[in-house]
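> Take a look at the following structure, please.
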Amino acid sequence: MKLYENGIYLVNGNEIIEDNGDAAAKLAQKGIAVDKAEAAKGTMAYGILNAHNTSGNMDKLQIKFDKMTSHDITFVGIIQTARASGLEKFPIPYVLTNCHNSLCAVGGTINEDDHMFGLSCAKKYGGAYVPPHQAVIHQYAREMLAEAGGMILGSDSHTRYGALGTMAMGEGGPELVKQLLNQTYDINMPGVVAIHMTGAPVPGVGPQDVALAIIGAVFKNGYVNNKVMEFVGPGVASMSADFRIGVDVMTTETTCLSSIWVTDENVEEWYAIHGRLGAYKKMAPADVAYYDGCVEIDLSAIRPMIAMPFHPSNTYTIEDVQKNLKDVLADVEQRALVSLDGQVEYSLKDKVRNGKLYVEQGIIAGCAGGGFENICAAADILEGKYIGADEFTLSVYPASTPVYMELLKNGAAMKILQSGGVMKTAFCGPCFGAGDTPANNAFSIRHSTRNFPNREGSKLQNGQISSVALMDARSIAATAANKGYLTSATEMDCEIKTPKYFFDASIYENRVFDSKGVAAPETEIKFGPNIKDWPAMSALPENMFLKVVAEIHDPVTTTDELIPSGETSSYRSNPLGLAEFTLSRKDPSYVGKAKEVQKAQKALEAGECAGEAFPELRPYVHKTKESYPHLNHDNFGVGSTIFAVKPGDGSAREQAASCQKVLGGWANIANEYATKRYRSNLINWGMVPFLIPAGDLPFKNGDYLFIPEIRNAIINKLTEIQAFVIDLEEGLKPFTLNLGELTDDEREIILKGCLINYNRV
């Protein structure tokens, strides 16, 4: 795999000419006279973005999407936000799926209450509703929503349908609210990186292997961060549409913005099978297209991969793990010291039995693993074999009921069941810690999307730890056939067939509610007792006191660490209830400390004395008044902030930001934000996304910061703001905070305190 240091010109979809000084001469030799700016318009990404941009300026995009989709741990908050902002009708097709809290196993009625809320809102506002166990969000979108050349926005980070010619993006809920209110998705024109593929995958190599190889190559250096990955080259044709989908969904783990692929007869067949041939069109870059970078991949060189705990980028070939087992496990244990903060003892050395790595669990599930071809391949590998009667277990979750139905018809499900595996319904739980939680200290291999700490469902705060490695369904099946001993699919002597898929549309026709865009305003929304409105949020004050209440120095902080997934997801319809779990796995003291600081702001909002409500604050205000004597209760606000080196990797969940806000958070301070979507979530909840240079930190946990004239700085579009650390002995110690680029609308959202306030008439 090769990463180009410079941009490239792609000629006729195949030939790469690197932009390293003599590109113009090489193009001229071919009779091509084109400048870089013009060639950049030749990418598929540019064409799609141009067709959906409403600004008239391709440097500053204002995108309107064709369709949207959400699931049952995001749609309640989104619709509640939109309702508070004046929602009357869904202006574009909006599908509400139920694939995360579908077990209805936590908190009594609250999960099914959310589902009934969703159904009633689909009726009232003119949307569609997919009941629990019918399909995971992304499979339904592929089967029923994707269309070549279109754009879909989803409130889940793995919203990726590029393999079908659809540019899709996963964002936090407020960005979907904007679309519901006929506003736009505002970004600068992203860079576009070519993923140029040659060759063909060898037997036993699956889409997760290809995806993990790419993630391992590009994540750490940020090569595609917030860019569009454009898959091109002759190697694409060697992969079926289902195979491409399995690679595409994992592009989220590279931190790219979106993805798009060339389309061909394989994709055309996909649309035809699903009864939507009219949604297909041929897509390819122009004869000469310029890309900001290029990843060159020989598919035939990829071997079965494994991403060891605790990140999808911690990749090895399975062969390397087998050959260097002690070294690899030692490296994982060193990484665990950072990821787990030493909260529990962690080791995988006890998994080595007779020189081989033993795992206790295999899972093939969700939007990444639950595809038809993945499960059929696993079934072929398992045919006539048995997983045994020891610790190892195997669970398989088809991504949709139509897929499950076909697996029953063609016998693949029978082969898995005969082997000792278990077939389950469409459910995302194994991907975010709400299903198949292993035993303490157990090791799980999964064809799913993430392997962050606790993503498998264990709880550090309770002294529990189990862990996940990501693998392809084929090698998981090979490991299962070998009764839990890590095995590459290429080691198996068996034929992996590719049976034809038949899609039964009647399954959805008879079960999914689809309003066809017709709203029924008279419908009463069904509210369960856990569904709460967002609390009132104040406008940005003129001057700001911030107390640092958490300090995180991990190289990257995931959204799972900011607000955990798993059973806590059941409380996402209750902003204050969910907020109790904020940073619970990273800093259990955070909630209590943030609430104490919030007492001061609540007193100010009630016209009372902040110092009386929160006496700790009083000396810091008095010390600051020595330099700023005009300060009074009418012109300052008080809130909390956290510092993290690089927060926001992973999920699109807005609650990573909103939970901080409802606890009184006014800002995050970081060296860098891991994803565009996390920074957007902060802004949409009225939190200032401050930046400081990496290196010496000018403050520490527990310090008070003062930011004078913060409101005027936002109004006047300053990019740098002087702030102070308040030292009760030495006075105010200055340092600089950077705001980064903000649009006019983003500044106004911050000034008003949140997106709800911005839209409320």
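> Run down THR582, THR568 and say which single residue is of a type in the set (Ser, Thr, Tyr), buried (at least 17 other Cβ atoms within 10 Å of the Cβ) and in a loop (DSSP other than H, G, I, E, B). First the steps, then the outcome.
Details: THR568 fails: in a loop (DSSP other than H, G, I, E, B).
Exactly one residue qualifies, and that residue is THR582.
> Which condition number in (1) surrounded by fewer than 15 Cβ atoms within 10 Å (Cβ to Cβ); (2) modelled with pLDDT of 95 or more; (3) within 26 Å of the chain's Cα centre (by Cα) is the one that ILE749 fails?
Here ILE749 meets the rest and fails (1).
> So, one more: Could you check the range 728-744 and list, in sequence order, the residues that are touching a residue at least 60 places away in the same chain (Cβ under 8 Å) and either surrounded by fewer than 16 Cβ atoms within 10 Å (Cβ to Cβ) or of a type in the set (Val, Ile, Thr) (or both)?
LEU728, GLY731, GLY740, GLU741, THR743
> If a residue must be in a helix (DSSP H, G or I) and either surrounded by fewer than 18 Cβ atoms within 10 Å (Cβ to Cβ) or not assigned by TED's automatic domain parsing to the domain that holds ASP287 (or both), how many such residues does the range 190-238 contain?
Summing the residues that are in a helix (DSSP H, G or I) and either surrounded by fewer than 18 Cβ atoms within 10 Å (Cβ to Cβ) or not assigned by TED's automatic domain parsing to the domain that holds ASP287 (or both) in the range 190-238 gives 3.
> Also, quick follow-up: What are the residues in the range 91-124 that are surrounded by fewer than 24 Cβ atoms within 10 Å (Cβ to Cβ) and among the aromatic types (Phe, Trp, Tyr), if any?
PHE117
> Here's something else I'd like to know. Just checking, how many residues over the range 424-436 are buried (at least 18 other Cβ atoms within 10 Å of the Cβ) and touching a Pro at 6+ places or on another chain (Cβ under 9 Å)?
5
> Given the criterion of a type outside the set (S, T, N, Q) and under 28 Å from ALA82 (Cβ atoms), identify the matching residue among ARG572, ARG618. Give the steps one after another, and end with the answer.
Working: ARG618 fails: under 28 Å from ALA82 (Cβ atoms).
Step by step, each of ARG572, ARG618 is checked, and only ARG572 is of a type outside the set (S, T, N, Q) and under 28 Å from ALA82 (Cβ atoms).
> Continuing with this model, one more query. Restricting attention to the range 152-174, report how many residues are touching a Phe, Trp or Tyr at 6+ places or on another chain (Cβ under 6 Å) and either surrounded by fewer than 23 Cβ atoms within 10 Å (Cβ to Cβ) or not in a strand (DSSP E or B) (or both).
Adding up the residues that qualify gives 2.
> Within the range 525-550, take every residue that is of a type in the set (S, T, N, Q) and part of a loop (DSSP other than H, G, I, E, B) and give me the one that is nearest to the chain's Cα centre (by Cα).
Checked the range 525-550; the qualifying residue nearest to the chain's Cα centre (by Cα) is ASN530.
Listed here are the residues, each with its yes/no results for (1) assigned to a loop (DSSP other than H, G, I, E, B); (2) touching a residue at least 60 places away in the same chain (Cβ under 8 Å).
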| residue | (1), (2) |
| --- | --- |
| LEU49 | no, yes |
| MET58 | yes, yes |
| GLN62 | no, yes |
| LEU96 | no, no |
| SER120 | no, yes |
| LYS124 | no, yes |
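> Same structure again: Are there any pairs with C-beta distances below 6 angstrom linking a residue in the range 5-31 that is surrounded by 13 or more Cβ atoms within 10 Å (Cβ to Cβ) to a residue that is basic (Lys, Arg) and not in a loop (DSSP other than H, G, I, E, B), with the two at least 6 apart or on different chains, and if so which?
Close Cβ pairs (under 6 Å, with a partner that is basic (Lys, Arg) and not in a loop (DSSP other than H, G, I, E, B)) amount to ILE17/LYS26.
> Here is a further query. Specify which of the listed residues (LYS41, LYS60, LYS67, LYS36) is modelled with pLDDT under 95 and under 28 Å from GLY165 (Cβ atoms).
That would be LYS36, the only listed residue that is modelled with pLDDT under 95 and under 28 Å from GLY165 (Cβ atoms).
> Among (1) within 18 Å of VAL688 (Cβ to Cβ); (2) in contact with a strand residue (DSSP E or B) (Cβ under 6 Å, 6 or more places away or on another chain); (3) not polar (S, T, N, Q), which single condition is GLU542 missing?
Failing condition for GLU542: (2).
The values are calculated or read from the model by the stated rules, or taken from the named source; none is laboratory data. Note that this is a predicted model, so its numbers are computed, not measured. Positions of Cβ are backbone-derived with ideal geometry, glycine not excepted, and every protein chain shown enters the neighbour counts.
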